[in-house]
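S.K.: Below is one structure. I have some questions about it.
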Amino acid sequence: MAEILNTGEAMERALALLDAGQILAIPTETVYGLAGDATSGTAVARIFEAKGRPSFNPLIAHVSGLVMATEFARIDPLSEKLAQAFWPGPLTVVLPLLAGSAMHPLVTAGMDTVALRMPQGFAASLIAALGRPLAAPSANVSGRISATTAQAVAADLGDRIPLIVDGGPTHVGVESTIVKVEGETLRLLRPGGIAAEVIEAITNRPLLRDASAGIEAPGMMASHYAPDAGMRLAVAAVQPGEALLAFGPRRAADWETAATMLNLSPSGNLREAAANLFAFMQELDRSGAATIAVEPIPHAGLGEAINDRLRRAAAPRPA
Ligand code: AMP
Ligand code: MG
């Protein structure tokens with residue numbers, strides 16, 4: 001069972017776990033977060049694994065303030081104004097990802113945007129002390145209700161994580177509001193802890209509530225990262241000139257004919273494979289091969305989310 005420590009006594013242990021690529025539950029003002037180092041693929045893969053999420057949707061990266069945000073994203077004046085007004089607090093802004101930043105692609109689901117927010121209290125102190133952002137979706141098993149107390153986290157995830165930091169009941173109790181600035185336009189991607197009207201008043205702009213604009217339904221991410229190359233999944237044999245995305249110790253037939261090959265996990269570890277997935281897809285795509293052949297990936301554990309993402313990448317796309 002997870003150890004439960006109060007915010008006053010948890011800092012050192014929390015930092016040690018995060019530094020080791022482990023995950024833990026932390027209080028924020030919205031709901032409890034299942035937190036891991038957003039620059040560590042292993043940590044982020046552990047988050048999906050512990051939640052049992054069947055797909056890789058992008059996660060919010062929690063930062064210690066605007067200065068840390070500028071290490072990862074390009075911040076336009078309107079987004080900066082929003083951050084000044086509402087951080088720390090339940091407002092998340094979606095921003096263009098800085099190329100070459102240390103944000104792990106599993107956090108952004110391989111997209112070129114990143115959702116950032118600065119939380120209040122223990123979470124903010126923890127991030128500042130770590131010096132790196134924390135990916136932190138709600139601390140509950142996928143499909144269950146978000147946890148707003150340490151006890152609710154323990155009931156749901158207690159046997160899957162080493163530590164729950166108890167900060168008492170969260171005071172906002174719903175997830176953050178997510179907005180995105182597009183030129184002069186502000187879009188509401190998810191309603192949440194800060195009312196849309198308050199955001200409109202501060203920015204003096206209407207908040208477009210175009211439900212189809214967000215990525216809230218994971219299915220809507222389908223076209224957000226599709227490689228230029230075609231994809232062939234669960235291949236038994238490689239065709240000459242294909243780029244091979246391999247998995248595990250055994251190779252598909254004719255693998256020697258591949259133009260290039262990357263192995264998601266030579267030992268067949270699904271957590272390692274999840275951590276490598278987006279970066280390897282991007283790298284094979286850059287190789288210029290017309291097709292990426294993917295070896296079969298088992299469906300157990302994180303395999304379900306990996307296969308879901310591969311299916312999306314392979315799906316027919318709009319011309
Ligand atoms: P949470 O589970 O609270 O961490 O929230 C994750 C949600 O944030 C996702 O379901 C998306 O709706 C949204 N999100 C995260 N990153 C992005 C992004 N780059 N672009 C648009 N929405 C995002
Ligand atoms: Mg949730």
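The values are calculated or read from the model by the stated rules, or taken from the named source; none is laboratory data. Computed from a prediction, not measured in an experiment: that's the story for all the values here. Here the Cβ positions follow ideal geometry from the backbone for every residue, glycine too, while neighbour counts run over all protein chains shown. Protein only, heavy atoms only, side chains kept; ligands, DNA and RNA dropped before computing areas. Shrake-Rupley method; radii C 1.70, N 1.55, O 1.52, S 1.80 Å.
S.K.: Explain nothing, just compute: Karplus ³J(HN,Hα) = 6.51 cos²θ - 1.76 cosθ + 1.60, θ = phi - 60°, for every residue of the range 281-296 in order, whole Hz, x for Gly and Pro.
M.R.: 4, 5, 5, 5, 4, 5, 5, x, 4, 6, 9, 9, 8, 10, 5, x
S.K.: Taking the Cα centre of the range 1-159 as the origin, how large is its charge dipole in debye, to the nearest 20, when only Lys and Arg (+1) and Asp and Glu (-1) carry charge on their Cβ atoms?
M.R.: 280
S.K.: Which one of Met11, Ala226, Gly36 has its Cα pushed farthest toward the positive end of the charge dipole of the chain, where Lys and Arg give +1 and Asp and Glu give -1 at the Cβ?
M.R.: The residue sitting farthest along the positive end of the dipole is Ala226.
S.K.: Taking the Cβ of Gly52 as the center, what net charge do the other residues with Cβ under 14 Å away carry, scoring Lys and Arg +1 and Asp and Glu -1?
M.R.: +1
S.K.: Right, something else. Under the Karplus relation 6.51 cos²θ - 1.76 cosθ + 1.60, θ = phi - 60°, what is the ordered set of whole-Hz ³J(HN,Hα) values for the range 270-278, x standing for Gly and Pro?
M.R.: So the Karplus estimates, Gly and Pro as x, are 5, 5, 4, 5, 4, 5, 8, 3, 5 Hz.
S.K.: Treating only the Cβ atoms of Lys and Arg (+1) and Asp and Glu (-1) as charged, compute the dipole magnitude of the range 127-194 about its Cα centre; round to the nearest 20 debye.
M.R.: Magnitude of the dipole: close to 120 debye.
S.K.: Starting from the Cα gyration tensor of the chain, multiply each eigenvalue by 5, take the square root, and state the resulting semi-axes largest first in whole Å.
M.R.: They are 34, 24, 16 Å, listed largest first.
S.K.: At His299 and Glu200, where each label point lies 7 Å from the Cα along Cα→Cβ, what is the point-to-point distance in nanometres?
M.R.: Output for this residue pair reads 4.6 nm.
S.K.: Okay, moving on. Work out the length of the dipole vector of the chain about its Cα centre, built from +1 on the beta-carbon of each Lys and Arg and -1 on the beta-carbon of each Asp and Glu, and round it to the nearest 20 debye.
M.R.: Computed charge dipole of the chain: roughly 400 debye.
S.K.: Right, here's the next one. Using 0.36 nm times the number of residues separating Ser142 and Val67, minus their current alpha carbon distance, what extension gain do you get?
M.R.: Between Ser142 and Val67, full extension yields 23.8 nm more.
S.K.: Which whole-number value in Å³ per residue fits the convex hull of the alpha carbons of the range 16-91?
M.R.: Value for the range 16-91: 111 Å³ per residue.
S.K.: Order of 226-232, 239-245 by packing, highest average Cβ count within 10 Å first?
M.R.: Ranking, from highest mean packing down: 239-245, 226-232.
S.K.: Counting only protein heavy atoms and a 1.4 Å probe, tell me what percentage of the chain's accessible area is made up of carbon and sulfur.
M.R.: Answer for the chain: carbon and sulfur cover 53 percent of the accessible area.
S.K.: Hey, another quick one. Putting +1 on Lys and Arg Cβ atoms and -1 on Asp and Glu Cβ atoms, find which of Pro54, Gly168, Ser125 reaches farthest to the positive end of the dipole of the chain.
M.R.: Value: Pro54.
S.K.: Rounded to whole Hz and in sequence order, give me ³J(HN,Hα) for the range 96-105 from the Karplus expression 6.51 cos²θ - 1.76 cosθ + 1.60, θ = phi - 60°, writing x for Gly and Pro.
M.R.: Residue by residue, the range 96-105 yields x, 5, 6, 4, x, 6, 7, 4, 6, x Hz.
S.K.: Answer with one residue from Ser267, Pro240, Phe278: the one whose Cα lies farthest towards the positive end of the charge dipole of the range 235-285, charges on Cβ with Lys, Arg +1 and Asp, Glu -1.
M.R.: Ranked along the dipole, the leading option is Ser267.
S.K.: What whole-number value in Å² describes the accessible area per residue of the chain for a 1.4 Å probe?
M.R.: Result: 41 Å² of accessible area for each residue.
S.K.: With label points built 7 Å along Cα→Cβ from the Cα atoms of Asn269 and Ala20, find their separation and express it in nm.
M.R.: Distance between the two pseudo-spin positions: 1.5 nm.
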